[in-house]
Amino acid sequence: MANLTQERLKELLSYNPETGEFTRLVKTSYNAKTTSISGDGYYRIMLDNKRYRAHRLAWLYVNGFMPRQIDHINQNKLDNRMSNLREANHSENGQNISQANKNNRLNIRGVRKHALANKYQARIKIDYKEVYLGLFDTIEQAHEAYLAAKKEYHKFGCGK
């Protein structure tokens, strides 16, 4: 089957935008559960022998199209209420991350140790470019600089 349409989706599932839950309307051979959680932490739903992320199906169900990217506003990948979903580009989606990268030894987003200066460096990505915010004596000062820049430049951001 070609691309899934809103019409076909509504034949197969019902969606409650207030709870984010899907219910099957048609029995299938793989009807054990409506959703399953994939390795990347998203709900997935099998339709017409193809797996879809549930948040993308929710968007299609309500809006009639699947955007390239959808952001979970509260950062909970399992919360597919329509009020928690918004269309975003890659850069906007990346703004709504509060956790430090898994390679960040300090475990503080936007801050890393600058070994040569023996200080803490703050930096942020703005429109796909890394912007240097300065060197600071303490982790807290560097993190405050990052948070101030995040508030100013990351309109999709969660502020953490």
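No value in this document is a laboratory result; all are computed from the given coordinates. What you are looking at is a predicted structure, and each value in this text was computed from that prediction instead of being measured. Using ideal geometry, Cβ is built from the backbone for each residue, glycine included, and neighbour counts are taken over all protein chains shown.
Exposure proxy ranking for Ile126, Ile108, Ile45, based on other Cβ atoms within 10 angstrom of each Cβ and starting from the fewest, stands as Ile126, Ile108, Ile45.
Note on Asn16 and Lys119: the model spin-label points, each 7 Å out from Cα along the C-beta direction, lie 5.5 nm apart. For Asn49 and Asn76, a Förster radius of 35 Å and the Cβ-Cβ distance give a FRET efficiency of 0.75, rounded to the nearest 0.05. Of the chain, which part is the longest with no chymotrypsin sites (Phe, Trp or Tyr not before Pro) in a loop (DSSP not H, G, I, E, B) and with at most 16 other C-beta atoms within 10 angstrom? By the stated rule (loop sites, at most 16 other Cβ atoms within 10 Å), 66-127.
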